[in-house]
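No value in this document is a laboratory result; all are computed from the given coordinates. Please read these numbers as outputs of a predicted model, since none were measured by experiment. All Cβ positions, even for glycine, are placed from backbone atoms using ideal geometry, and neighbour counts span all protein chains on display.
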Amino acid sequence: MTPLTASTALTSWQFAPLVSAMLAVLFTLYLLCAARVRQRHPARPWPLQRTLAFLAGLAVIAIATQSSIGVYDDVLFSVHMVQHVLLIMVAPALLVVGRPVTLLLHSWGNPVHSTVKRVVRSGPVTALTRPAVVTALYCVVVIGTHTPPFMDLVLENQAVHDTEHALYLLTGCLFFLVLLGTEPLRHRVSTLGAFLMLLPAMLADSATGVVYTLPSREVFAPYARVARDWGPSLVTDLHAGGYIMFIGSDIVMTAIGIMLAARLLRSADGDTLANGSRRHPAAESDAALGAYNEYLRKLASGADA
């Protein structure tokens, strides 16, 4: 194996046809839908920042799976952990900020509009996107996939490795879909509820990272069997991977926490009436629900027109 250097980090690449094809399809469909919104609603085109966020998410997936990160993820544990942070946190958060479901609803009439709305608000999706469910799923996936038995299987079986990547993306997207509340799901989590989701997720990420900063020997047999005479020692690489998971995840989750705090402050400011009094929480909750239902009604009526 060629040593990982600054040069090879930029030039190494492994082509994954299936991943590339899926990313190309999503890239094309998203831009097509954005163009349709611009055509149907010239005065209210799809926000550029949403498009850039979604495309950035696709780029992160490509980098995580096909750049030098994908090449060296089964050689260095530290690189493997960089890949995990990108696939379960960074890419999903960016994709969700791009609001692809809402874009579909805005860009197509029936039957696409009705089908998408029916799927998003179906029983299975509703059950899977309960805040407690997605939070538990996130924690279980983060902790469970980083245990030595599972990691050893991932490193020795490419099919399991690819499945792990898909699991990270799916879990991350479900978690941030509910946490950020940007799509028309049945479950709408409050800002306080989002913080309550964020806390156990951060603890799971941090605990997973800290655990691997402590051992005095390599705990993953496949990394010990890699014949390399370059780079960090096995233990140093193990500790580096732990710190990457610990620090990297905290950076991502803290950034999202700050965004949620800003949202909470804006909401608090909006709750204050001109005369200085405050709305009753129950009335405000009813108003928010009514506004959300009105939003869905307008989408449906626009599609039926």
(request) Report the residue, chosen from A201, A136, A21, that carries the largest GNM mean-square fluctuation when the chain is represented by alpha-carbon nodes joined by springs under 10 Å. (result) A21
(request) State, to one decimal in nm, how far the label point of A227 lies from the label point of D152, with both points 7 Å from Cα in the Cβ direction. (result) 2.2
(message) How big is the dipole moment of the chain about its Cα centre under a simple scheme where the beta carbon of each Lys and Arg is +1, that of each Asp and Glu is -1, and everything else is neutral? Debye, nearest 20, please.
(response) 1460
(message) Helix 191-211 against the longest principal axis of the chain: what's the angle in degrees, Cα atoms only, rounded to the nearest 10?
(response) 0
(message) Compute and list, largest first, the equivalent-ellipsoid semi-axes of segment 1-123 from the alpha carbon gyration tensor, each √(5λ) rounded to a whole angstrom.
(response) 35, 15, 12
(request) Considering the options H41, A53, G257, tell which one lies farthest towards the positive end of the dipole of the chain, charges being +1 on Lys and Arg and -1 on Asp and Glu at the Cβ, about the Cα centre. (result) H41
(message) Could you order the peptides 178-190, 89-101 from most to least packed, using the average number of other C-beta atoms within 10 Å per residue?
(response) 89-101, 178-190
(message) Given a 10 angstrom Cα cut-off, can you work out which residue in D162, D73, D250 is the most mobile in a GNM of the chain?
(response) D162
(message) Let me check the size of segment 1-64 from its C-alpha atoms; what are the radius of gyration and Dmax in Å?
(response) 16.5, 55
(request) Compute the Rg to Rh ratio over segment 126-268 from the alpha carbon atoms, using the Kirkwood formula for Rh, and round to two decimal places. (result) 1.05
(request) Restricting things to alpha carbons, tell me how big the chain is in terms of Rg and Dmax, in Å. (result) 21.7, 72
(message) To check my understanding: the extent here is largest minus smallest coordinate of the Cα atoms along each principal axis. What are those three numbers for segment 118-162, in Å, largest first?
(response) 40, 21, 8
(message) Order 235-242, 141-148 from most to least packed using the mean count of other Cβ atoms within 10 Å.
(response) 235-242, 141-148
